[in-house]
Amino acid sequence: MDEVGRGCLFGPVVAAAVMLDPDRPIRGLRDSKIIIDPEERERLARQIKARCVCWAVGGSDAFEIDQINIYQASRVAMRRAVEALAVQPDYLLIDAIKVDLPIEQLPLIDGDARCRAIAAASIVAKVHRDAILKRWDEVFPQYNLASNKGYSTPDHRRALRKHGPTLLHRFSFWPVRLNCAEMHWTGYITDPPAQGELFDAENVEALVISAAGASV
């Protein structure tokens with residue numbers, strides 16, 4: 001399993017679970033982040049889906065992310081991907097973290113670079129999320145989502161300053177709150193953490209989250 005979109009300011013975090021078939025190997029599997037050509041990623045995603053035993057995707061939207069924080073939302077998305085598999089696995093290989101499932105599992109640091117199955121999941125998740133952002137770009141063209149995929153790029157931040165956030169932006173992320181005319185999100189009881197802290201697995205579970213996070 002792997003996920004994409006943890007560092008984005010807009011939209012869902014998406015996870016994929018892929019069960020590879022050892023009798024149908026796939027050449028070129030590697031971490032989706034180092035595949036620069038989108039057409040190559042899409043080709044590999046089609047090949048993975050055609051040759052694997054089964055695959056599935058799961059997600060967690062911006063409202064849920066704002067309620068439970070991005071780390072926990074990533075774990076939820078991964079759990080949903082596994083639960084959606086046509087064949088339930090008896091062992092999980094995951095990039096860096098564990099999920100709340102009664103299945104033996106091994107979190108691997110840099111797993112998408114060390115494990116072909118995790119690399120396959122990374123590619124499927126990336127292609128799936130990119131397709132989602134292309135559709136949202138048609139609704140919100142001013143944010144250039146088809147290009148920046150919702151990440152905190154200079155053009156995305158300029159659009160936030162000019163237009164403010166949409167309801168699908170993550171208000172628990174400070175670049176979104178910074179450009180919001182009204183305070184829509186007040187989920188953290190303590191002072192809001194720096195954005196980088198949200199991705200630190202050792203710190204994130206200590207954050208105190210209020211159910212007010214989705215009150216937009």
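With a simple spin-label model that places each label point 7 Å from the Cα along the Cα-to-Cβ direction, the separation between Cys180 and Arg157 comes to 1.9 nm. Here Ile103 and Phe140 are evaluated by their C-beta separation; at R0 = 41 Å the FRET efficiency comes out at 0.60.
Ranked by the mean number of other Cβ atoms within 10 Å of their residues, highest first, the peptides 156-162, 42-48, 126-132 come out as 126-132, 42-48, 156-162. Computed from point charges on the beta carbon alone (+1 for Lys and Arg, -1 for Asp and Glu), the dipole magnitude for region 1-147 about its Cα centre is near 320 Debye.
Every number in this text was worked out from the coordinates using simple rules, so none of it is lab data. If you're wondering where the values come from, they're calculated on a predicted model, not measured in any experiment. Because the Cβ atoms are built from the backbone with ideal geometry, glycine has one as well, and the counts that use them run over all protein chains shown.
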